[in-house]
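Structure record follows, encoded as structure tokens.
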Amino acid sequence: MNLLSRLGDLSNKKMTIDRRNFIRKTSLSTAAFATTPLLSQYNTSLDQPGPSGGTYMGGHVAPKLSNIRVAFIGLGSRGGVHLNLFAGLPGIEVVALSDLYQDSVKEKLEGFKHIANSSQYENTATYWGDENKWKSMLREVKPDVVFICTNWNNHAPMAIECMKQGAHVFVEVPLAVTLKDLWEIVDTSERTQKHCMMMENVNYGREELLYLNLCRKGVIGDLLHAEAAYIHELRFQMEEQERGTGSWRTHHYAKRNGNLYPTHGLGPVAQYMNLGRGEDQFSSIISFSSPAKGRKLYAEKNYSKDHKWNALDYQGGDLNTSIIKTNLGKTIMVQWDETSPRPYTRHNLIQGTKGTLAGYPSRVALEGGVKGVTDNHHSWAEGEKLEALYEHYEHPMYKRLGALAKKMGGHGGMDFMMRYRIVECLRNGLPLDQNLYEGCFWSAVSPLSEASVAKGGMPQQFPDFTRGFWNKTNPL
């Protein structure tokens, strides 16, 4: 039985995920964010390190893994969900779990044993209790693949050590928070020849895949401009004070002033434009932030005067707007706001010489109109009127996996499709859909935007993490 049909048998075991619980629980470590000054904390030097001594990873194909021995570091909101949906995939053996908290490890272990063959996981190694147990796990278990779902500051050191210990690594967004760490990730991956993919799930959304296909088919002509965002009001996370996302993320909001979470909006439009993949490349960024008001007001309204959230000096602007310029002169507006009371949006707009595709809501305008729907580009084709467009231009991957993805779930199925593709690529020796360097470029927006804001909006140049090899990487 092939992988797809076996996965179909699991469809009635879909996990229903409550969004608030999804975010509420902790990943590994709730250590408070460091209070060192911004410019010393975020090194934005463009000094490119010398050659890594390894091999370029742009289209890297790793040896096939018919049986993938997987370990997880961090079993909070994201880690627990990844674990449950990976547990039933054919070819996957979950060999180890690691988290700071024993109750989290035990809860997740029992939960996923009910989904998969429980007898298969009686000997799954478990680690908890201090910040370095995950290192013992790497040495003792020696997994093939590690999934890292911890707080942002831990992503880079954990990814680097995992690769050094011989594992491919898949990291929650962002890949790292400093350029220095991003360079070290690149060098380590190239030297070890181990994959390091940032798990940007939004690239696997149905709308995003449709728009990617429309761009590839030339439907909107030559690409000119994009708009990307992560507008998601998350003040309720401040309720998570000892464990959980808010316990560490709130400190980032207070001390950092820039776009702290750019990749959900930026990843898809960057792939529409083939940035870092043979056609064009990131060049520079300017960035401005609004005043910092919302978090302080929320803390004053909801917590006592002597509460630790009222002791913070909130420096990060509520809304950040950045403009990226590419080598070929294309532009991308990127916005971030997790504070203001407004509806969720990622914008997801891509504009070309023949038309525009946009999100929230999904809508399309083409010169000459959308056949059978609109007469010209002065009105949008949207809602049910887009079904004919989906029928004609649905992305081949969604045609193959979309129905199963809807059943298995995870942000409308995009999470499942990302996990499925990771397994499929590793088992069949295929290049990953998102390579090492894309994760670095998308994550670099954060420290570069912080530097631009601190310098009054002065342009900041993107480092070339590919060291000039981006134009030899095939478009997705």
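The values are calculated or read from the model by the stated rules, or taken from the named source; none is laboratory data. No experiment lies behind these values; they were computed from the predicted model shown. Don't worry about glycine lacking a Cβ; one is built from the backbone with ideal geometry, like all the others, and counts go over all protein chains shown. For the accessible areas, the whole protein counts, side chains as well, though only heavy atoms, and no ligand, DNA or RNA atoms are used. Shrake-Rupley method; radii C 1.70, N 1.55, O 1.52, S 1.80 Å.
May I ask you to list the residues in the stretch 425-447 that are hydrophobic (A, V, I, L, M, F, W, C) and touching a Phe, Trp or Tyr at 6+ places or on another chain (Cβ under 7 Å)? If the condition is that a residue be hydrophobic (A, V, I, L, M, F, W, C) and touching a Phe, Trp or Tyr at 6+ places or on another chain (Cβ under 7 Å), then 440, 441, 444 are the ones that fit. Does residue 180 meet the test of being surrounded by fewer than 19 Cβ atoms within 10 Å (Cβ to Cβ), more than 19 Å from residue 434 (Cβ to Cβ) and under 21 Å from the mean Cα position of the chain (by Cα)? Criteria met by residue 180. Can you find, within the stretch 339-371, the residue that is surrounded by the fewest Cβ atoms within 10 Å (Cβ to Cβ) among those that are within 30 Å of residue 299 (Cα to Cα) and polar (S, T, N, Q)? Of everything passing the filter in the stretch 339-371, 340 is surrounded by the fewest Cβ atoms within 10 Å (Cβ to Cβ). The residue list 265, 246 contains one member that is in a helix (DSSP H, G or I), of a type outside the set (S, T, N, Q) and touching a residue at least 60 places away in the same chain (Cβ under 8 Å), which is 265. Of all residues in the stretch 249-263, none are open to solvent by less than 10 Å² (accessible area, probe 1.4 Å) and more than 21 Å from residue 178 (Cβ to Cβ). Of all residues being open to solvent by 30 Å² or more (accessible area, probe 1.4 Å), in contact with a Phe, Trp or Tyr (Cβ under 7 Å, 6 or more places away or on another chain) and not in a helix (DSSP H, G or I) in the stretch 284-319, which is nearest to residue 340 (Cα to Cα)? Just the residue, please. The extreme case among them is 292.
Could you go through the stretch 452-465 and let me know if any residue there is open to solvent by less than 40 Å² (accessible area, probe 1.4 Å) and assigned to a helix (DSSP H, G or I). The answer is yes, given that some residue of the stretch 452-465 is open to solvent by less than 40 Å² (accessible area, probe 1.4 Å) and assigned to a helix (DSSP H, G or I).
The number of residues in the stretch 103-141 being of a type in the set (Ser, Thr, Tyr) and either open to solvent by 80 Å² or more (accessible area, probe 1.4 Å) or modelled with pLDDT under 90 (or both) comes to 3. Residues in the stretch 157-189 that are out of contact with any Lys or Arg (no Cβ under 7 Å at 6 or more places or on another chain), assigned to a helix (DSSP H, G or I) and farther than 15 Å from residue 463 by Cβ: 157, 158, 159, 160, 162, 164, 189. Taking the stretch 342-373 as the range and being among the polar types (S, T, N, Q) and within 22 Å of residue 206 (Cα to Cα) as the test, the residues that pass are 345, 348, 351, 356, 362. Residue-level check: of (1) closer than 19 Å to residue 248 by Cβ; (2) touching a Pro at 6+ places or on another chain (Cβ under 6 Å), residue 334 misses just (1).
Residue by residue, here is whether (1) open to solvent by 30 Å² or more (accessible area, probe 1.4 Å); (2) within 23 Å of residue 65 (Cβ to Cβ) holds:
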{"site": "394", "(1), (2)": "no, no"}
{"site": "399", "(1), (2)": "yes, no"}
{"site": "408", "(1), (2)": "no, yes"}
{"site": "429", "(1), (2)": "no, yes"}
{"site": "442", "(1), (2)": "no, no"}
{"site": "447", "(1), (2)": "no, no"}
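Filtering 83, 89 for residues that are surrounded by 17 or more Cβ atoms within 10 Å (Cβ to Cβ), modelled with pLDDT under 95 and assigned to a loop (DSSP other than H, G, I, E, B) leaves a single hit, 89.
Of all residues in the stretch 320-334, those satisfying the criterion of being outside any loop (DSSP other than H, G, I, E, B), open to solvent by less than 30 Å² (accessible area, probe 1.4 Å) and touching a residue at least 60 places away in the same chain (Cβ under 8 Å) are 320, 322, 324, 332, 334.
This table checks each residue for (1) modelled with pLDDT of 50 or more; (2) aliphatic (A, V, I, L, M).
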position: 30; (1), (2): no, no
position: 33; (1), (2): no, no
position: 45; (1), (2): yes, no
position: 48; (1), (2): yes, no
position: 58; (1), (2): yes, no
position: 70; (1), (2): yes, yes
position: 76; (1), (2): yes, no
position: 79; (1), (2): yes, no
